[in-house]
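Worksheet for the structure shown next.
The values are calculated or read from the model by the stated rules, or taken from the named source; none is laboratory data. Because the structure is predicted, anything quoted here is derived from the model rather than measured. Heads up, the Cβs are rebuilt from the backbone with ideal geometry, glycines too, and the neighbour counts pull from every protein chain shown.
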Amino acid sequence: MEKKNYSKIYRIMHWLMAISFTLLLFTIFLRLTWLNKYNVADIMKDFLVDTDQTLSQDQLIKLAKKIRQPMWDWHIYLGYFITGLFVMRFALPFFGKMKVQNPLKMELSWKDKLKKWTYLIFYVCVFISLVTGLIIEFGPREYKKPMESIHILSIYYLIPFILIHLSGVLRAEFTWDKGIISRIVSGNNKEEN
């Protein structure tokens, strides 16, 4: 089996996307756990009780949102960055760089078709997440709530994709495609698109 070589542009795009999505997931994780507005409000409430001060629950929630806002700003900045990467990813084929996955090619093995369909579904889900995120930020206020509902579903495709991707890469590394990890990290002397 011929081993695929990854061009420098492919490797840069891959790792920028991987790091950006990891950081994006980290902001989601923080928002759902330690920096959850209710957890932060409870910590402040406990502190205020010890100092004989009080704030209403509504005031505590508003203050908690202000405390975690800088972290959430990073989520938005990463969304903008990923949007730029996504546009670049699909613009590069027009310049002869990075091919677009085509799962409909008849000569592909079932394994290659499955892999290409997985990436295609991932890209569609990313597109939906990016569009809904941009509508939340820049769209009409009446669309914010419905778009947030769709946007929140992002975590439900991203984590399984990451797990499928990593398990597939590890399986390939230890079976039929030894060296795939080193090739995506450092490339090869012979660069291809």
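Residues Ile9, Ile61, Ile82: which one is closer than 24 Å to Ser182 by Cβ and not in a loop (DSSP other than H, G, I, E, B)?
Ile9
So which pairs qualify, if the first residue must be in region 99-116 and in contact (Cβ under 8 Å) with a residue 24 or more places away in the chain, the second must be part of a loop (DSSP other than H, G, I, E, B), the Cβ gap must be under 8 Å, and the two must be at least 6 apart or on different chains?
Listed by first residue and then by second, the contacts come to Lys99/Asn193.
Within region 56-66, identify whether any single residue is on the phi < 0 side of the Ramachandran plot, within 24 Å of the chain's Cα centre (by Cα), surrounded by 12 or more Cβ atoms within 10 Å (Cβ to Cβ) and without any contact (Cβ under 8 Å) to a residue 12 or more places away in the chain, and answer yes or no.
There is no residue in region 56-66 that is on the phi < 0 side of the Ramachandran plot, within 24 Å of the chain's Cα centre (by Cα), surrounded by 12 or more Cβ atoms within 10 Å (Cβ to Cβ) and without any contact (Cβ under 8 Å) to a residue 12 or more places away in the chain.
I'm told Ala41 meets every condition in (1) among the small types (Gly, Ala, Ser); (2) closer than 22 Å to Lys4 by Cβ; (3) modelled with pLDDT of 90 or more except one. Can you identify the failing condition by its number?
Single failed check for Ala41: (2).
It is to be established whether one or more residues within region 76-83 are free of Cβ contacts under 8 Å to residues at least 60 places away in the same chain, out of contact with any Cys (no Cβ under 9 Å at 6 or more places or on another chain), surrounded by fewer than 15 Cβ atoms within 10 Å (Cβ to Cβ) and more than 23 Å from Arg11 (Cβ to Cβ).
yes
Name every residue in region 154-184 that is of a type outside the set (Gly, Ala, Ser), in a loop (DSSP other than H, G, I, E, B) and loosely packed, with under 14 Cβ neighbours inside 10 Å, in order of residue number.
Thr175, Trp176, Lys178 - these are the residues of region 154-184 that are of a type outside the set (Gly, Ala, Ser), in a loop (DSSP other than H, G, I, E, B) and loosely packed, with under 14 Cβ neighbours inside 10 Å.
So how many residues does region 29-44 have that are among the polar types (S, T, N, Q) and part of a helix (DSSP H, G or I)?
Going through region 29-44 one residue at a time, the tally reaches 1.
Can you tell me which residue is surrounded by the most Cβ atoms within 10 Å (Cβ to Cβ) among those in region 34-44 that are within 15 Å of Trp72 (Cβ to Cβ) and not aromatic (Phe, Trp, Tyr)?
Ranking the candidates gives Val40 first.
Just one of Phe47, Phe26 is surrounded by 14 or more Cβ atoms within 10 Å (Cβ to Cβ), out of contact with any helix residue (DSSP H, G or I) (no Cβ under 7 Å at 6 or more places or on another chain), free of Cβ contacts under 8 Å to residues at least 24 places away in the same chain and outside any loop (DSSP other than H, G, I, E, B); which is it?
Phe26
I'd like to know if region 107-115 contains one or more residues that are in contact with a helix residue (DSSP H, G or I) (Cβ under 9 Å, 6 or more places away or on another chain), in a helix (DSSP H, G or I) and surrounded by 12 or more Cβ atoms within 10 Å (Cβ to Cβ).
Yes, region 107-115 contains at least one residue that is in contact with a helix residue (DSSP H, G or I) (Cβ under 9 Å, 6 or more places away or on another chain), in a helix (DSSP H, G or I) and surrounded by 12 or more Cβ atoms within 10 Å (Cβ to Cβ).
Looking at the structure I just gave you, is Val131 surrounded by fewer than 13 Cβ atoms within 10 Å (Cβ to Cβ) and in a helix (DSSP H, G or I)?
Considered against the rule, which asks whether it is surrounded by fewer than 13 Cβ atoms within 10 Å (Cβ to Cβ) and in a helix (DSSP H, G or I), Val131 comes out as no.
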